[in-house]
Amino acid sequence: MDLCVMIKGVSFFIQTSLGIFGNSIILISYANMLSRGPKLMPVDIVLSHLAFVNMMVLLTRGIPQTMSVFEIEHILNDTGCKIVVYSYRIVRGLSVSVTCLLSVLQAVIIAPVKRWTIVKIKEVKYLSLSLVAIWVINMAVCIAAPFFSKVPGTGKISKFTLNLGFCHVLFPDQVSYIINGFAVSFRDFTFVGVMVYSSGYIIRILYRHRRQVQNIRRSTSAQNATAETKAAKDVLRLVLLYVIFFGLDNIIWINMLTVSDVPSVVTDLRVFFSSCYASFSPIFIIRSNKRIQKALKCSFKRQQTSQPEVYVCHI
């Protein structure tokens, strides 16, 4: 096997395996929290949703891409292509949508109480409606993909085709190709725009907060404010991670639109960067989230004790 192909295949395999493992840890940790204590906090609900979405990104894109690189043929039939492509397009859009929702939620949490009192009281209700709304939006935006998806043929690839390696998305004409690209791009840049705006608002609030509490030491209010500040900074790091990989993905995408013959290595590079957020975000979440860390330690100690049924964890 060619060395370049081997490097690409191993890279996709490591990326996919790491991401699935990390997102699975987050989901299992939150499942343990639900089984042992009260309901999850709004931020925990969004983070668990993000972990599920990112794991689905890797399952519907990372695994087929890895098999395609290793030239494992006949992975899917036409029906399988339609299901996988539609699922991937939805969860890819949900990845940016849920990250955007997380940044907006964190902005509401640290916002001045008087201005956002009503929103904070009803944040759980609004959160559920928001999650349903972004699912509906992404399902609607991606509705065209399954109709034009099929397994790669032996003939020449038409001009208006998205080549995913394991599947092709063949648009009938330039109009449908442009409309689909515009709808997806408009969705992505809209959510990224809202994400950046809410992140800027968080940074402004944190700057004001830092000036206000400089003389406060160990009071309860200061400790609570410090916890909120840390949580906000963790969200900002997650947003920054997404924006970096989103930027790399779109720089390559724009470059692909300007040339007639795109090398396969460029296509593979774009796929790799587009999956990096789903793969690396669990590392940031696990390292920064104390509740997940406590849940993992609790599970480990239960496995080590001689009577796990009587071992009580406080998360």
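Here, each number is a calculation from the coordinates, and none is a lab measurement. Keep in mind it's a predicted model, so treat the numbers as computed, not measured. Ideal geometry is used to build each Cβ from the backbone, glycine not excepted, and the neighbour counts take in all protein chains shown.
Which stretch or stretches of the range 270-291 have amide N atoms under 19 Å from the point lying 7 Å from Ile14's Cα along the Cα→Cβ direction? It comes to 270-284, nothing else. Between Leu34 and Lys159, the contour length at 0.36 nm per residue exceeds the Cα-Cα span by 40.0 nm. Taking a threshold of 19 Å on the Cα-Cα distance, which of the pairs Lys125/Lys230; Lys230/Lys290; Lys39/Lys294; Lys39/Lys233; Lys230/Lys297; Lys8/Lys159 fall above it? As for pairs spanning more than 19 Å Cα to Cα, those are Lys125/Lys230; Lys39/Lys233; Lys230/Lys297; Lys8/Lys159.
Full extension of the chain between Leu269 and Lys125 gives 47.8 nm of extra length, using 0.36 nm per residue less the Cα-Cα distance.
Note on Tyr177, Tyr88: ascending count of other Cβ atoms within 10 Å places them as Tyr177, Tyr88, the fewest first.
Here the alpha carbons of the range 1-98 define both size measures, Rg and Dmax, at 16.2, 54 Å.
A protection proxy built from the mean count of other Cβ atoms within 10 Å ranks the segments 126-135, 241-250, most packed first, as 241-250, 126-135. With a simple spin-label model that places each label point 7 Å from the Cα along the Cα-to-Cβ direction, the separation between Leu248 and Phe182 comes to 3.1 nm.
Summing Lys and Arg as +1 and Asp and Glu as -1 over all other residues whose Cβ lies under 14 Å from the Cβ of Gly93 gives a net charge of +2. Given R0 = 25 Å, the distance between the Cβ atoms of Ile283 and Ile143 translates into a calculated FRET efficiency of 0.15.
Computed from the C-beta positions of Phe21 and Gln174, the FRET efficiency with R₀ = 51 Å rounds to 0.75.
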